[in-house]
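Chemist: Below is the structure I would like to discuss, written out as structure tokens.
Every read-out reported here was derived from the displayed coordinates using simple, explicitly stated rules and does not represent laboratory data. Here the structure is a predicted model, which is why all the values come from computation and not from measurement. Here the Cβ is made from the backbone with ideal geometry for all residues, glycine too, and neighbour counts use every protein chain on show.
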């Protein structure tokens, strides 16, 4: 019998997967999309037909459509062929291409994405080998041919690309542009077709040992390049490089830098107390520039490029450690080895989110005052004053 799902369950946060309502109706949950499917067996083969996205089709409507599909089967009618025939007048025109399906998918989700996320999706899905082909003609071999060349060399990129292709195709199935099942689905399909990867050894960001930071600081202070100023600012504030190099003057007041949520990894605003050293550095930069960005790039009015700091380290002969490791890992080691601050204050300074929901629920502070003292001590250490 049907009725396992409720409207509230359809709306709540669910792990990616398939959730049965009974009698063939399935709620398909993808990280970026959810839709209704009707699963049936015909000719000894399991098949699915899309019944619409959850934001356009209610649970009651999906159940009614599933009941209609069951009646078709009793009459010997294939639901896939039936719905395809209903769409036939619209399909006289050339089939919707994958590129257009991807564009419409991204447009549907743009309001929930940051500019950076939207740009990443567009860049990864543009100019795929099958972009111009009808979305209903994209098959398993196409997905494999796209993912396999980078499967072992660039595993994170391969996984991300496959998930994005799967999301677009899931959207196309829900819109009725192609039949199921999804040729890019992982479980029980692509997972069985790609070779196992060699075991990956986690590599942490190479960090300069914290006792050596004052010496590095003196060398950076003698460098007038914008990249050197940016690296000094990132070290002083222990922030991520993407946050530091895109800093805007409007985010800064006398002694605090407030990074907006759309620019942080946690998607939450992060207040950074500014030490005397950071304030002095910003005063020098303010006199040099009146643009939008604290660290302007060379062309186009944009901020400093992402590779500028790493190029600076290479040019200086410091390529054995990373910008991230120097700006954040060394800071964390300095705190731990000298017992400068509590674990909670250190984690707040790095804008880390606690994994414990219980702890997070009771925490109502970002320890700004305690972090102000911490960053003051950090600035003094870098200058060699302590």
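Chemist: Going by how many other beta carbons lie within 10 Å of each one, how would you line up 47, 245, fewest first?
Modeler: 47, 245
Chemist: Taking only C-alpha pairs under 8 Å that are 6+ residues apart, what is the relative contact order of the stretch 1-155 in percent?
Modeler: 13 percent.
Chemist: OK, next. What is the Cα centroid distance between the stretch 233-264 and the stretch 118-175, reported in whole angstrom?
Modeler: 34
Chemist: Still on this model: What nm distance separates the two modelled labels at residue 61 and residue 140, each placed 7 Å from Cα along Cα→Cβ?
Modeler: Calculated label separation equals 3.3 nm.
Chemist: Relative to the first principal axis of the alpha-carbon coordinates of the chain, what is the inclination of helix 155-174, with its axis defined by its Cα atoms, in degrees from 0 to 90 and to the nearest 10?
Modeler: Computed tilt is about 40 degrees.
Chemist: Okay, next question. Treating the angle as unsigned and between 0 and 90°, give the value, to the nearest 10°, between the Cα long axis of helix 98-109 and the longest Cα principal axis of the chain.
Modeler: Tilt relative to the chain: about 60 degrees.
Chemist: Could you tell me which of rounded, prolate or oblate describes the stretch 7-92, using a ≥ b ≥ c as the square roots of the eigenvalues of the alpha-carbon gyration tensor, with rounded for a/c under 1.5 and, failing that, prolate when a/b is larger than b/c and oblate otherwise?
Modeler: Note, shape of the stretch 7-92 comes out prolate.
Chemist: What is the log10 of I(q)/I(0) for the stretch 210-382, computed with the Debye formula using one identical point scatterer on each Cα and no solvent, at q = 0.10, 0.20 Å⁻¹?
Modeler: -0.37, -1.50
Chemist: With r defined as the distance between the Cβ atoms of residue 276 and residue 343 and R0 fixed at 30 Å, what FRET efficiency is calculated, to the nearest 0.05?
Modeler: 0.70
Chemist: Which order do 157, 191, 65 fall in if you start with the one that has the fewest other Cβ atoms within 10 Å?
Modeler: Ordered by Cβ neighbours within 10 Å, fewest first: 191, 157, 65.
Chemist: Got the relative contact order for the chain handy, in percent, Cα pairs under 8 Å and 6 or more residues apart?
Modeler: 13
Chemist: Run lengths n ≥ 4 of DSSP H only: what is the helix-derived mean residue ellipticity at 222 nm for the chain, with -39500 (n - 2.57) per run over all residues, to the nearest 500?
Modeler: The per-residue figure over the chain is -12500 deg cm²/dmol.
Chemist: Here's another thing I want to ask about it. Taking square-rooted eigenvalues a ≥ b ≥ c of the alpha carbon gyration tensor, is the stretch 98-193 rounded, prolate or oblate, where a/c under 1.5 means rounded and, failing that, a/b exceeding b/c means prolate?
Modeler: Because a/c hits 1.5 or more and a/b fails to exceed b/c, the stretch 98-193 counts as oblate.
Chemist: Which whole-number percentage describes the relative contact order of the stretch 210-382, with Cα contacts under 8 Å and a sequence gap of 6 or more?
Modeler: RCO, the stretch 210-382: 29 percent.
Chemist: By count of other Cβ within 10 Å, fewest leading, how are 68, 12 ordered?
Modeler: With the fewest neighbours first, 68, 12 line up as 12, 68.
Chemist: Continuing with the same structure: Is the C-alpha gyration tensor of the stretch 1-147 telling us rounded, prolate or oblate? Criteria: a/c under 1.5 is rounded; beyond that, a/b larger than b/c is prolate, otherwise oblate.
Modeler: Verdict is oblate for the stretch 1-147.
Chemist: Related question: Using a Förster distance of 25 angstrom, determine the FRET efficiency expected from the C-beta separation of residue 352 and residue 119, and round it to 0.05.
Modeler: E(calc), rounded to 0.05, equals 0.45.
Chemist: Cα axis of helix 276-288 to longest principal axis of the chain: angle in degrees, 0 to 90, nearest 10?
Modeler: 80
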